[in-house]
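First the structure, in the form of structure tokens, and then the observations on it.
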Amino acid sequence: MNTYKSIYKQIKKYDSIVIGRHLRVDPDAMASELALKELILNTFKNKKVYAIGLSASRFKYMGDLDKIDEDIAKKSLFIILDTPDVKRVDSDYIDEFKYKIKIDHHPFVEKFCDIECINENASSTCEMILDFAYKMKMNISRKCAELLFTGIVSDTNRFTTINTSFKTFDLIHKLIKDTNIDFTSLYDKLYARPIKEVRLQGYISQNLELTDNGLAYIKVDDDVINQFGVDSASPGNMINNFNYINEILVWVFVTKDVKNDIYRITMRSRGPVINEVASKYNGGGHVRASGARVKTMEEVDNLIKDLDMVCKDFRGDIDENK
Ligand SMILES: [Mn+2]
């Protein structure tokens, strides 16, 4: 509560506020920054508020993003959302801002802001923004409510993730009651996808490698990406669809990011802790939802081996004679 108060005080103090989030935008990051912008504009008159970062066409429906320059950065308060470490911040001016605030639900990685509001138990950054809005008695518009609902539903994978709590439902219940949003109509925008991606999903299902320890993995090479006419980020974007498969404890999708000449690895878990392995390979994230980027296929293979061991340990199958 005290942290909320100090954040609110800074928002009140600055006439120019820039809101940012992590690289490779996802619905929670996008919705939280646009919702916070709405909240501030609806609560305070005469403030300049910018929501920044690289846009993605599939989130265009949520709203437009803003551009800033160095002069704006120099006089602004910066609020960075959903981002635990400085290297993942989607802004060129991170060192220029006058004052910085972090609001995040990822496990702590490093301190890089003047105020850091971290709640690892929150289901999403949108949940934290919603909690903040209610506690600080801010004006929640319908547009803002729709954004926050979308972000929470997406980051909790429809209220199935481990951080979905009584508080999540409590806040959502209040939000729907207060704003009367037509929430079922929002799923269409969030979940509708082209048939070529469904076909790619079929390909992944057919070709997943499965170990005895419950690790599933696939390396989707560029020919396959081109064959299906999809984007190299597509496999990673559909990884949540592979939850609740009896034989699979941890699943890993590997794609090549040709532009940056690296392998991009997305991983999920139904039990074992995987972010520790991810951080060993230039990555990180949540306990059961992480990502990593490596330069060589050898590192990819080592990561897969490490995750296989994590699965083995989780099942308690360790041969004690070794
Ligand atoms: Mn998030």
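Applying a DSSP loop filter and a limit of 11 other Cβ atoms within 10 Å to the trypsin sites (Lys or Arg not before Pro) in region 10-76 leaves K45, K67. The long axis of helix 166-179 is offset from the longest Cα principal axis of the chain by roughly 50 degrees.
With everything on Cα atoms, drop me the angle between helix 142-155 and the longest principal axis of the chain, reported from 0 to 90° to the nearest 10. Value to nearest ten degrees: 20. Among the GluC sites (Glu not before Pro) in region 258-322, those placed in a DSSP loop whose Cβ has at most 10 other Cβ atoms within 10 Å are E320. With 0.36 nm allotted per residue and the present C-alpha distance subtracted, the D257-K87 stretch has 59.4 nm of extension available.
Cα gyration tensor of region 2-190, axes a ≥ b ≥ c as square roots of the eigenvalues: rounded (a/c below 1.5), prolate (a/b > b/c) or oblate?
Rounded, since a/c falls under 1.5.
Which entries of K45/K189; K48/K137; K12/K137; K9/K143 show an alpha-carbon separation above 22 angstrom in the structure shown? Intermediate values should be presented prior to the final figure.
Details: K45/K189 31 Å; K48/K137 20 Å; K12/K137 13 Å; K9/K143 24 Å.
As for pairs spanning more than 22 Å Cα to Cα, those are K45/K189; K9/K143.
Put one equal scatterer on each alpha carbon of region 197-274, apply the Debye formula with no solvent term, and list log10 I(q)/I(0) at q = 0.19, 0.27 1/Å to two decimals. Each listed q corresponds, in turn, to -0.77, -1.37.
Which of the three applies to region 231-316, rounded, prolate or oblate, going by the alpha-carbon gyration tensor with a ≥ b ≥ c and a/c under 1.5 meaning rounded?
Numbers: a/c = 2.01, a/b = 1.37, b/c = 1.46.
Taking the square roots of the gyration eigenvalues as a ≥ b ≥ c, region 231-316 is oblate.
Estimated purely from DSSP H runs of n ≥ 4, each contributing -39500 (n - 2.57), the mean residue ellipticity at 222 nm for the chain is -12000 deg cm²/dmol once divided by its residues.
Applying a DSSP loop filter and a limit of 12 other Cβ atoms within 10 Å to the GluC sites (Glu not before Pro) in region 99-132 leaves E110. So if a site counts as exposed when it's one of the chymotrypsin sites (Phe, Trp or Tyr not before Pro), its DSSP state isn't H, G, I, E or B, and it has at most 12 other Cβ atoms within 10 Å, what's the longest stretch of the chain without one? Longest run free of exposed loop sites: 109-243.
Taking Cα atoms only, the orientation of helix 27-43 departs from the longest principal axis of the chain by about 10 degrees. Each residue, K60 and D95, gets one label point 7 Å from its Cα in the Cβ direction; the gap between the two is 3.6 nm.
No lab work stands behind these numbers, since they all come straight from the coordinates. Keep in mind that what you see is a predicted model, and the values were worked out from it rather than measured. For neighbour counting, all protein chains shown are included, and Cβ atoms are generated from backbone atoms with ideal geometry for every residue, glycine included.
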